[in-house]
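The values are calculated or read from the model by the stated rules, or taken from the named source; none is laboratory data. Quantities reported herein were computed from a predicted structural model and do not represent experimental measurements. In this analysis, Cβ positions are derived from the backbone assuming ideal geometry, glycine residues included, and neighbour counts consider all displayed protein chains. Each accessible area value is taken on the protein alone, full model and side chains, heavy atoms only, with ligands, DNA and RNA left out. Shrake-Rupley method; radii C 1.70, N 1.55, O 1.52, S 1.80 Å.
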Number of protein chains: 2
Amino acid sequence: MTTSRIDDLHVIVPAGGAGTRLWPLSRAGSPKFLHDLTGSGRSLLQATVDRLAPLSAGVVVVTGERHADAVRAQLPGLAADDVLAEPSPRDSMAAIGLAAAVLAQRHGDPVVGSFAADQVVDAGPGFAEAVRQGVVAARSGHLVTVGIAATGPSTAFGYVRSGELLGLPDAPDARRAAGFTEKPDAHTAAEYLATGEYRWNAGIFLVRAEVLLGHLERLLPQLHGGLREIAAAWDTPRRAEVLDRVWPGLQRIAIDHAVAEPVAAEGGVAVVPGDFAWDDVGDFASLAGLLPAGADDVRVLGARDDVLVVDAQRPLVAASSGRLVAVLGVADLVVVDTPDALLVTTRAHAQGVKAVVDAVRAVGRDDLL
Amino acid sequence: MTTSRIDDLHVIVPAGGAGTRLWPLSRAGSPKFLHDLTGSGRSLLQATVDRLAPLSAGVVVVTGERHADAVRAQLPGLAADDVLAEPSPRDSMAAIGLAAAVLAQRHGDPVVGSFAADQVVDAGPGFAEAVRQGVVAARSGHLVTVGIAATGPSTAFGYVRSGELLGLPDAPDARRAAGFTEKPDAHTAAEYLATGEYRWNAGIFLVRAEVLLGHLERLLPQLHGGLREIAAAWDTPRRAEVLDRVWPGLQRIAIDHAVAEPVAAEGGVAVVPGDFAWDDVGDFASLAGLLPAGADDVRVLGARDDVLVVDAQRPLVAASSGRLVAVLGVADLVVVDTPDALLVTTRAHAQGVKAVVDAVRAVGRDDLL
């Protein structure tokens with residue numbers, strides 16, 4: 001095991017997604033990855049780069065044009081060229097494929113590793129070891145995913161099923177991926193875990209750039225051609241012209257459906273175990289679990305001094321408006337206080353916040369989304 | 001029955017009390033009576049004066065010095081001399097006694113009627129008739145209270161017990177008051193109502209000024225002497241000097257304990273029935289009942305458009321910060337959103353808001369009280 005830099009690894013950080021279930025904290029104009037959701041002092045994006053920069057030869061971030069300035073401001077150590085701005089959202093295959101094609105153009109055929117900007121990960125030796133074994137398996141030609149050791153039968157994540165060991169000397173835990181699943185129901189999730197073969201699919205991919213682009217060329221040749229054309233122009237004066245012409249026509253598709261699932265069916269996907277704490281902070285119940293617990297299991301994101309709890313167990317209060325927030329007599333409350341919008345719900349309804357966002361849109365308050 | 005003006009009735013409106021259980025809506029610096037708590041467009045104080053001015057020869061308001069400007073601003077129709085400013089709080093006997101002594105000085109021996117500034121009353125014919133019969137009974141020398149027809153066995157109010165009819169031709173429903181009770185427990189309250197003899201004590205008093213002052217002279221001669229001395233100087237250049245010297249030494253006592261209870265024991269108190277809707281808006285559960293019900297029994301004080309309710313029954317939202325308030329999946333929530341403080345609780349905990357105010361004080365945030 002080593003935590004030293006891996007010279008042929010280039011990291012891609014897709015920074016997208018509105019974090020709808022974290023409204024009103026996360027907004028389209030100020031999405032989840034730009035926020036410090038753990039009280040660490042670093043945004044999820046910054047923490048992602050902090051975690052990966054020491055392990056790799058470099059990091060590029062792919063984000064929407066509207067967030068590019070905010071991303072650059074949060075990451076002053078990144079070269080301007082290492083923030084790739086998408087003119088419009090084209091889903092994860094275009095984002096990651098563009099970055100892989102640009103990195104192939106710049107560096108030949110490195111291993112690229114894609115790590116989403118909006119996850120919370122324990123950056124300890126377990127993480128570094130998963131990356132190290134993943135890179136070894138990627139060098140051998142596999143599309144590699146990291147299977148997170150499940151802490152329970154979550155219905156919020158998809159699962160990856162592990163097959164036989166690949167027998168790679170430097171990646172002794174790497175196995176063939178027998179397939180991916182969608183988010184299961186609770187019963188199915190428990191069955192998965194009982195087999196010992198299933199782990200959470202964190203959406204992390206490690207793969208040689210040309211292996212990824214080769215799969216794409218075979219499976220979605222038009223998307224591949226468009227991304228190659230843009231990448232060829234990226235570091236030239238023609239970037240804007242080619243982007244304007246080609247990008248709008250690119251297919252919208254997730255990398256899972258575009259490549260990971262079909263290649264897994266062909267036996268080309270590997271899974272390495274990720275034995276580290278991981279969370280995608282998908283909703284406020286998840287967020288509560290990431291914050292330190294005070295007396296009465298009070299969880300506060302923001303200024304603890306701005307929160308008063310009287311006879312109320314396990315509240316989560318996100319206080320970012322500077323006002324005093326007082327909670328009396330209700331258990332499991334979630335109070336998210338921002339300068340222009342307030343949400344009050346309970347942990348049990350955390351997944352339902354999407355319905356509130358729909359209601360906000362329905363009443364025409366897009367200014368709050 | 002008549003609703004015409006009663007020429008010998010002068011109304012006293014004590015405007016005091018912080019409305020602690022309505023925090024953070026009601027504050028020491030901006031108390032309950034200055035707020036429109038029913039969405040009527042008029043503050044409780046304004047509605048009180050609106051209700052009583054047409055029935056009487058005049059209205060005076062007694063309030064603390066710090067609120068005098070706000071009271072005058074809300075009541076531009078009142079003469080400056082009809083807002084009596086107390087240098088410091090000395091409880092209800094001093095407030096009402098001062099006003100009665102000033103009115104006696106100005107008008108001889110009128111009937112004075114004291115109606116608190118922070119109650120919500122249906123100003124219909126039932127109210128006018130109670131006042132009319134009360135004035136008749138007051139003219140005959142009684143200290144008269146209005147017994148409100150109870151709508152249920154409330155534990156939030158004291159009760160007044162009615163005795164035999166007084167037999168006054170123009171006040172056929174006036175009875176001797178057999179006594180007052182403190183706030184009872186629920187069982188006792190139910191027993192009260194079963195007898196048919198008990199009504200809610202709304203703290204309304206009607207009495208000839210000299211009858212009230214005579215009782216006071218007999219029961220608390222020092223307080224009486226002080227109030228007479230101040231009243232004699234009130235409409236002279238010596239007011240400030242006498243107030244400064246005498247007011248600080250006045251006894252702090254409620255009119256109930258000072259006069260109403262001892263005089264009731266002597267048989268000198270009458271009760272007239274008040275068959276009209278009445279509420280003292282003592283807490284948020286009470287406030288919710290006064291607001292119009294929308295779909296899902298949503299009650300909003302403030303801008304209805306600023307409130308979004310998804311899958312949440314019977315919420316009360318007081319929205320005065322201009323922000324959007326979204327409530328998801330919790331029943332009976334109370335959300336009170338002000339520019340510098342937010343309270344989240346449920347109707348069942350409405351009486352417990354005082355504990356929150358204590359906690360706010362304990363953490364040194366007196367700026368929010």
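Any residue that is open to solvent by less than 40 Å² (accessible area, probe 1.4 Å), in contact with a Lys or Arg (Cβ under 6 Å, 6 or more places away or on another chain) and aliphatic (A, V, I, L, M) - is there at least one of those in segment A:6-15?
Scanning segment A:6-15, I find no residue that is open to solvent by less than 40 Å² (accessible area, probe 1.4 Å), in contact with a Lys or Arg (Cβ under 6 Å, 6 or more places away or on another chain) and aliphatic (A, V, I, L, M), so the answer is no.
Conditions tested, residue by residue: (1) surrounded by 24 or more Cβ atoms within 10 Å (Cβ to Cβ); (2) in contact (Cβ under 8 Å) with a residue 24 or more places away in the chain; (3) within 21 Å of B:R51 (Cα to Cα).
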site	(1), (2), (3)
B:A99	yes, yes, yes
B:D118	yes, yes, yes
B:G124	no, yes, yes
B:E129	no, yes, yes
B:R132	no, yes, yes
B:A137	yes, yes, yes
B:S140	no, yes, no
B:A156	no, yes, no
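Is it the case that some residue within segment B:292-307 is buried (at least 22 other Cβ atoms within 10 Å of the Cβ), within 12 Å of chain A (Cβ to nearest Cβ) and at negative phi?
yes
For segment A:162-187, how many residues are free of Cβ contacts under 8 Å to residues at least 60 places away in the same chain, open to solvent by 80 Å² or more (accessible area, probe 1.4 Å) and under 25 Å from A:A137 (Cα atoms)?
So the count comes out to 5.
Kindly establish whether B:A288 is touching a strand residue (DSSP E or B) at 6+ places or on another chain (Cβ under 7 Å), in a helix (DSSP H, G or I) and not assigned by TED's automatic domain parsing to the domain that holds B:T151.
Yes: the conditions hold for B:A288.
Give me the residue from segment B:27-42 that is surrounded by 21 or more Cβ atoms within 10 Å (Cβ to Cβ) and within 14 Å of B:A70 (Cα to Cα) and, out of that set, nearest to the chain's Cα centre (by Cα).
Taking the candidates together, the pick is B:F33.
Do we have B:R208 as within 24 Å of the chain's Cα centre (by Cα), assigned by TED's automatic domain parsing to the domain that holds B:L52 and crowded, with 19+ Cβ neighbours inside 10 Å here?
Criteria met by B:R208.
With A:V11, A:V61 as the choices, which residue is within 15 Å of the chain's Cα centre (by Cα) and either over 25 Å from A:L287 (Cα atoms) or among the aromatic types (F, W, Y) (or both)?
Selected residue: A:V11, the only one of A:V11, A:V61 that is within 15 Å of the chain's Cα centre (by Cα) and either over 25 Å from A:L287 (Cα atoms) or among the aromatic types (F, W, Y) (or both).
Would you confirm whether any residue within segment B:103-114 is in contact with a helix residue (DSSP H, G or I) (Cβ under 7 Å, 6 or more places away or on another chain), among the acidic types (D, E) and surrounded by fewer than 24 Cβ atoms within 10 Å (Cβ to Cβ)?
Within segment B:103-114, one or more residues are in contact with a helix residue (DSSP H, G or I) (Cβ under 7 Å, 6 or more places away or on another chain), among the acidic types (D, E) and surrounded by fewer than 24 Cβ atoms within 10 Å (Cβ to Cβ).
Among (1) within 8 Å of chain B (Cβ to nearest Cβ); (2) within 17 Å of A:F284 (Cα to Cα); (3) assigned to a loop (DSSP other than H, G, I, E, B), which single condition is A:P339 missing?
If we test A:P339 against (1) within 8 Å of chain B (Cβ to nearest Cβ); (2) within 17 Å of A:F284 (Cα to Cα); (3) assigned to a loop (DSSP other than H, G, I, E, B), just (2) comes out false.
Can you name the condition, by its number, that B:E182 falls short on among (1) closer than 30 Å to B:A348 by Cβ; (2) at pLDDT 95 or above; (3) among the charged types (D, E, K, R)?
(2)
For A:L308, which of the numbered conditions (1) under 24 Å from A:A18 (Cβ atoms); (2) more than 24 Å from the chain's Cα centre (by Cα); (3) aliphatic (A, V, I, L, M) fails to hold?
It is condition (1) that A:L308 fails.
Take the residues of segment A:312-336 that are facing chain B (nearest Cβ under 7 Å) and under 18 Å from A:V281 (Cα atoms): which is nearest to the chain's Cα centre (by Cα)?
A:V335
Kindly list the number of the only condition in (1) of a type in the set (V, I, T); (2) in a helix (DSSP H, G or I); (3) more than 30 Å from B:T345 (Cα to Cα) that fails for B:V272.
(2)
Here are some conditions: (1) outside any helix (DSSP H, G or I); (2) surrounded by 16 or more Cβ atoms within 10 Å (Cβ to Cβ); (3) in contact (Cβ under 8 Å) with a residue 12 or more places away in the chain. A:V344 meets all but one. Which one does it not meet?
That leaves (3) as the condition not met.
Matching residues to (1) out of contact with any Asp or Glu (no Cβ under 9 Å at 6 or more places or on another chain); (2) modelled with pLDDT of 95 or more:
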site: A:V263; (1), (2): yes, yes
site: A:D279; (1), (2): yes, no
site: A:G294; (1), (2): yes, no
site: A:R304; (1), (2): yes, no
site: A:R323; (1), (2): no, no
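Enumerate the pairs (first residue in segment B:315-335 and closer than 15 Å to A:A359 by Cβ and open to solvent by 10 Å² or more (accessible area, probe 1.4 Å); second residue anywhere and among the acidic types (D, E) and in a loop (DSSP other than H, G, I, E, B)) with beta-carbon separation below 8 Å, excluding pairs fewer than 6 apart on the same chain, so at least 6 apart or on different chains.
Final answer for the pair search is B:G329/B:D311.
Looking at segment A:353-362, is at least one residue within 22 Å of B:L343 (Cα to Cα), at the interface with chain B (Cβ under 8 Å from one of its Cβ atoms), part of a helix (DSSP H, G or I) and open to solvent by 30 Å² or more (accessible area, probe 1.4 Å)?
no
What's the total number of residues in segment A:299-338 that are within 22 Å of A:K32 (Cα to Cα) and not charged (D, E, K, R)?
Of the residues in segment A:299-338, 17 are within 22 Å of A:K32 (Cα to Cα) and not charged (D, E, K, R).
Testing B:P273 on (1) more than 30 Å from A:V360 (Cα to Cα); (2) not assigned by TED's automatic domain parsing to the domain that holds B:R51, one condition comes back false. Which one is that?
Of everything listed in (1) more than 30 Å from A:V360 (Cα to Cα); (2) not assigned by TED's automatic domain parsing to the domain that holds B:R51, B:P273 misses just condition (2).
Select, from A:E241, A:E197, A:E191, the only residue that is among the charged types (D, E, K, R), over 28 Å from A:A156 (Cα atoms) and open to solvent by 20 Å² or more (accessible area, probe 1.4 Å).
A:E241
Test A:A288 against the stated conditions and say whether it is among the hydrophobic types (A, V, I, L, M, F, W, C) and at the interface with another protein chain (Cβ under 9 Å from one of its Cβ atoms).
no
Write out, first by first residue and then by second, each pair whose Cβ atoms fall under 9 Å of each other, whose residues are 6+ apart or on separate chains, and whose first residue, in segment A:188-201, is among the acidic types (D, E) while the second is outside any helix (DSSP H, G or I) and open to solvent by 60 Å² or more (accessible area, probe 1.4 Å).
Cβ pairs passing all conditions: A:E191/A:P153; A:E197/A:R161; A:E197/A:A178.
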